[in-house]
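Have a look at the structure below, then the notes.
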Amino acid sequence: LKLSSCLTVKELTTLLLGPERLDVSDMRANVSLRDGYDKSSAVIRWFWQVVEEMTYEEQQRLLMFWSGCPIPPLHGFSSKLNPSGEAWAIHKLNAPPTTLPTASTCMYLLNLPPYPTMQTLRAKLMLALTFGRQGYDQA
């Protein structure tokens, strides 16, 4: 079976490299919120605004930090479940606002402290994405 008979060049490129832009609305619709966060939480609203404003490279670093893979799920975020059958999630990390976000990549779990401002969230998230990927890009 030839791939050229099954896939277009664009489809094959997307399969291998991921889309040209992260579908943030799909991500937002399919990420569950846990332990005190909901869609109206300021930190969650700020988080999605920060993600929307990121470059695609920064969004890829977010995915790498969150899941261990820089490419969005091929069939969308609703199709990619962790080994327990749960969707991607953001967990409220009860920690001081000086704490960086953490992630459990195998569980697609992002742990976000309750930051007091969007600027603090952006700064801490970008710091985590810059230095928290150490090891993944070393392989």
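The values are calculated or read from the model by the stated rules, or taken from the named source; none is laboratory data. Nothing here was measured: the structure is a model prediction, and the numbers come from that model. Heads up, the Cβs are rebuilt from the backbone with ideal geometry, glycines too, and the neighbour counts pull from every protein chain shown. SASA here: full protein model, heavy atoms, side chains in, ligands and nucleic acids out. Shrake-Rupley method; radii C 1.70, N 1.55, O 1.52, S 1.80 Å.
Given H placed on each backbone N at 1.01 Å, which residues far from residue 32 in sequence or on other chains put an amide H within less than 5 Å of it?
For residue 32, the qualifying residues are 88, 89, 90.
So, with a 1.4 angstrom probe, what is the percent of accessible area on the stretch 49-109 that is carbon and sulfur?
Of the solvent-accessible surface of the stretch 49-109, carbon and sulfur hold 55 percent.
Can you order the peptides 29-40, 116-127 by their average number of other Cβ atoms within 10 Å per residue, highest first?
116-127, 29-40
Considering the stretch 22-136, what Rg and Dmax in Å follow from its alpha-carbon atoms?
12.9, 36
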